Structures are given as C-alpha cells and as structure tokens.
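In what follows, a structure is listed as structure tokens, so that the remarks can point back to it.
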Amino acid sequence: MIPFLDLQAQYQSIREEIAEAIAAVLDSSQYVLGDQVKAFEHGFAGYCGTAHAVGVNSGTSALHAALLAAGVRPGDEVITVSHTFVATVEAICYAAAVPVFVDVEPGTCNLDPAQLEAAITSRTRAIIPVHLYGQCADMDPIMEIARSRQLVVIEDAAQAHGALYKGRRAGSIGNLGCFSFYPGKNLGAYGEAGAVVTNSEDFASALRILRDHGQSRRYCHDVVGYNYRMEGIQGAVLRVKLKYLDEWNAARRERASEYRRLLQGLLLGTLREMPYGTPVYHIFPIFTPRRDALQAHLSANGIATGIHYPVPVHLQEGYRHLGYQAGQFPEAERAARETLSFPMYAELPLASVAQVVDSVRQFLETTDSDQVAGPRPS
Ligand SMILES: *Cc1c(COP(=O)(O)O)cnc(C)c1O
C-alpha cells in the first residue's frame, strides 16, 4: 500500500521538538496569538523576504483579509483562474466582489498572462494568480499589466511555500502573498492556520486589525473585523517546522525528478517546469485522457492517488450564479478531466516512486494508448 500522503512519517521525525514547543505554549497560556505567533511571523517574513507576515487562522482567511486590506469593495471585479482549490474564489465572494476567470496555460496549469488584458474592465481591482502544484505563475508579465492598470496583485501561494520565481520567494512578488498551513501543505500546522506576507506597512497593519475583530487597540473597533487569529500552538508548531522546509522541499523535488526520469518515454503528460523558477511540488500531477482508468488501475494495485481538481470552479453548482458555461475555459476544463496526482511527500521512499511508475507502465502496456495528454512532457 502506497499512501498519497503520510503525515505520520514527518511527525515522527520531529516528535520531541513538537512536544516541547506545544508544552511551552501551554505553560505560557498564550493560546491565541502571543509570543510564539509573533516569533513565527518574524521567521516566516524573513524566509519569504518580506517586511511583514501576519498570522491568521487559515489560508482562506488570509485571502479574504488580503482582499479587504487591499481595498477590494463590494461589486469590484477580481481576476483569477477557475482551475484552483475553491477557496481562492470563495474569498473573493466573501468580500462581495465578483470573481472573473481567465484560462490557464496548458503546460503549467497557471494563470495565462496573455489572457489578462482582455478580462480587465473599469471595475477590476485585483488579480489573484495561484501558484498551483507548487510552481509559480509567470509573475513578471502579471505585475507589469497590474502596474499599468493600477491593480493589486494578491498571490495565492497556499501550495508554494518556498517556491522561487527568478530568485524570489512565492508570496513576495505581488503586493500581498497568502499562505495556508493546512496540515497537508508543504509547511503544515497541526490544525488550521494561514498567513499573509507583504512589504507594505499599511497593508500589514490593516491585516492585524482585520484578523482581530477590527481592533487597533483593545476595545477600539475601527472597522467590522473578523476572528481570524492564529493559535499559539500553531505558531509554535510552524516555528519548528519552518527550519526544515527547505530540506523537505528539496526531498519533494528529488522525488519529482525521479518520477520524471522513470516516466520518460511513457505516454503521459507531466507538469512543464518553467526555467524562471524552482517549484516545490506540493502535488506531482500527470495528465492523461484515460485518467479514471489509470486511477482505478493504481488503486487496484494499492497505490493511492488524488485529483486536483476534478471540476473547475466555474462549473461548480455553488458558482453557477457567475454565469459561466462549459467550454469557456478549455485548458482548465481539460486539466480537470485529465489530471491525476501521484503520491508525493518528502518522506516518500524512492522505491515507492519506482513502484508507482511500474504500475503505470503496466497500465499503458495493457491498454490502447493512442491519445497523448494535455501538458507536454518536459
Ligand atoms: C489550501 C488552499 C487554500 C485554502 O487554505 P485553507 O488553509 O484550507 O483555508 C487556498 N488556495 C489554494 C490554492 C489552496 O491549495
């Protein structure tokens, strides 16, 4: 049995340190925000290369608070992609803004900068590129368009902790960068948590007020805020884990290149690694028109896989009111139909990678294979 993800393996490697860190929080009684959260914020801002990090209680809250801090108002339009985890779009709806989708690039499944201009209207206020699967969207053209149109760029870096774009960390390139520390992410808490990073003092102080009931000082509620505070225990856990993030990301990259090496010559599409950066493989996706059959074959052979994501947001029931139709975003729709995520985590044995690929080869040899998948092998 090869699991899709094994959180136990990582926990066992840092068990003692985690126990000490959690005990220290309990001893201090700083259960919500407090010194550990502050120290993590400092460490994470330093890691990302930004002036500030503001800890919150989830990645979804991070996106919502970032939109509000950036001045997105009801009725404003926010451009993003439909091929993402639903939270990107949820957050836009929380702000009573209107999500406007553009299609993704076929090779990377990230926002296609070439389609941005045509989606901008007089009501457009912000752009949310998503660094899907741990690879950065092509930020230079996105930032250039945003600057010329005076739009705010909020990076959804929930899958890209530590990923690089031209030497800069994911999250540090736009005006604001949003992270999730959901347990399964590259940097995961032991519960829910998130953060927003920014170089803007104004955005950072707006975020600190928004996450804590709109308070600037105790019982001074300047705006209608939220309870989006990070818990002390999560701050302490994340401080421990941040030290290992680069090592774990390197292990993910090693597993990804082993997959690529072994998959060479097989009729499967893999993610196109862009020369502009260093992806951190939150997910190792492949693409094939026979996705469902391959998934069933792997499952029958004891190999767990995932699908990220099976239905693009513009075709979800809850987002029907946005008025999109099937066929409007062909690359997003194709990715949803063809993508399959192989097991990927830092501790995944390399022998398991080989076993997965053996099983894939067996599937391809015993079935017709006249259709090549979407994203080009690279
Ligand atoms: C996980 C994720 C989120 C949401 O984060 P939560 O902490 O689960 O709220 C947002 N966007 C993307 C792309 C994600 O993968």
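The values are calculated or read from the model by the stated rules, or taken from the named source; none is laboratory data. Keep in mind that what you see is a predicted model, and the values were worked out from it rather than measured. Every residue, glycine as well, gets a Cβ built from its backbone with ideal geometry; the counts of neighbours run over all protein chains shown.
When the residues of region 160-189 are filtered to those that are within 12 Å of the ligand (Cβ to nearest atom) and aromatic (Phe, Trp, Tyr), the one that is surrounded by the fewest Cβ atoms within 10 Å (Cβ to Cβ) is 182. Against the test of being in contact (Cβ under 8 Å) with a residue 24 or more places away in the chain, within 16 Å of the ligand (Cβ to nearest atom), within 30 Å of residue 340 (Cβ to Cβ) and surrounded by fewer than 24 Cβ atoms within 10 Å (Cβ to Cβ), the options 106, 99 yield a single qualifying residue, 99.
Does region 259-301 hold any residues that are in contact (Cβ under 8 Å) with a residue 60 or more places away in the chain, farther than 19 Å from residue 358 by Cβ and in a loop (DSSP other than H, G, I, E, B), and which are they? Answer for region 259-301, where residues must be in contact (Cβ under 8 Å) with a residue 60 or more places away in the chain, farther than 19 Å from residue 358 by Cβ and in a loop (DSSP other than H, G, I, E, B): 271, 272, 273, 274, 276, 279, 280, 281, 282, 283, 289.
Among the residues of region 200-234, those that are crowded, with 17+ Cβ neighbours inside 10 Å and in contact with a Ser or Thr (Cβ under 8 Å, 6 or more places away or on another chain) comprise 204, 207, 209, 211, 226, 228, 232. The single condition among (1) in a strand (DSSP E or B); (2) away from the ligand (no atom under 16 Å from the Cβ); (3) in contact with a Gly (Cβ under 9 Å, 6 or more places away or on another chain) that residue 248 does not satisfy is (1). Reported count of residues in region 302-334, each being in contact with a Pro (Cβ under 7 Å, 6 or more places away or on another chain), in a helix (DSSP H, G or I) and within 16 Å of the ligand (Cβ to nearest atom), is 1.
Among the small types (Gly, Ala, Ser) and touching a Lys or Arg at 6+ places or on another chain (Cβ under 9 Å): which single residue out of 327, 277, 306, 323 fits that description?
Values: 327 fails: touching a Lys or Arg at 6+ places or on another chain (Cβ under 9 Å); 306 fails: touching a Lys or Arg at 6+ places or on another chain (Cβ under 9 Å); 323 fails: touching a Lys or Arg at 6+ places or on another chain (Cβ under 9 Å).
After ruling out the rest, the residue left standing is 277.
As a summary of the residue check, residue 373 satisfies the conditions (1) among the aliphatic types (A, V, I, L, M); (2) in contact with a Phe, Trp or Tyr (Cβ under 8 Å, 6 or more places away or on another chain); (3) modelled with pLDDT of 95 or more except for the one numbered (3). Scanning region 134-149 for residues that are within 19 Å of residue 60 (Cβ to Cβ) and crowded, with 22+ Cβ neighbours inside 10 Å turns up at least one hit.
Residue 25: within 22 Å of the chain's Cα centre (by Cα) and either of a type in the set (A, V, I, L, M) or more than 16 Å from the ligand (Cβ to nearest atom) (or both), yes or no? So residue 25 does not fit the description; no.
Residues are listed down the side, and each one gets a yes or a no for (1) within 28 Å of residue 288 (Cα to Cα); (2) in the same structural domain as residue 66 (by TED's automatic domain parsing); (3) assigned to a loop (DSSP other than H, G, I, E, B):
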{"position": "83", "(1), (2), (3)": "yes, yes, yes"}
{"position": "91", "(1), (2), (3)": "no, yes, no"}
{"position": "117", "(1), (2), (3)": "no, yes, no"}
{"position": "122", "(1), (2), (3)": "no, yes, yes"}
{"position": "144", "(1), (2), (3)": "no, yes, no"}
{"position": "154", "(1), (2), (3)": "no, yes, no"}
{"position": "171", "(1), (2), (3)": "no, yes, yes"}
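What do you reckon, is residue 60 surrounded by 21 or more Cβ atoms within 10 Å (Cβ to Cβ), within 13 Å of the ligand (Cβ to nearest atom), outside any helix (DSSP H, G or I) and among the polar types (S, T, N, Q)? Answer is no for this residue. Just one residue in the set 30, 12 is of a type outside the set (A, V, I, L, M), at pLDDT 95 or above and in a loop (DSSP other than H, G, I, E, B); that residue is 30.
Within region 61-76, residues that are closer than 14 Å to residue 205 by Cβ sit with their Cβ atoms under 9 Å from residues that are of a type in the set (A, V, I, L, M, F, W, C) and assigned to a loop (DSSP other than H, G, I, E, B), at 6+ positions apart or across chains, in these pairs: 66/72; 66/128; 68/95; 68/223. Do we find a residue being assigned to a helix (DSSP H, G or I) and in the same structural domain as residue 97 (by TED's automatic domain parsing) anywhere in region 225-233? Yes.
Kindly indicate whether any position in region 234-244 is small (Gly, Ala, Ser) and part of a helix (DSSP H, G or I). Among the residues of region 234-244, at least one is small (Gly, Ala, Ser) and part of a helix (DSSP H, G or I), which makes the answer yes.
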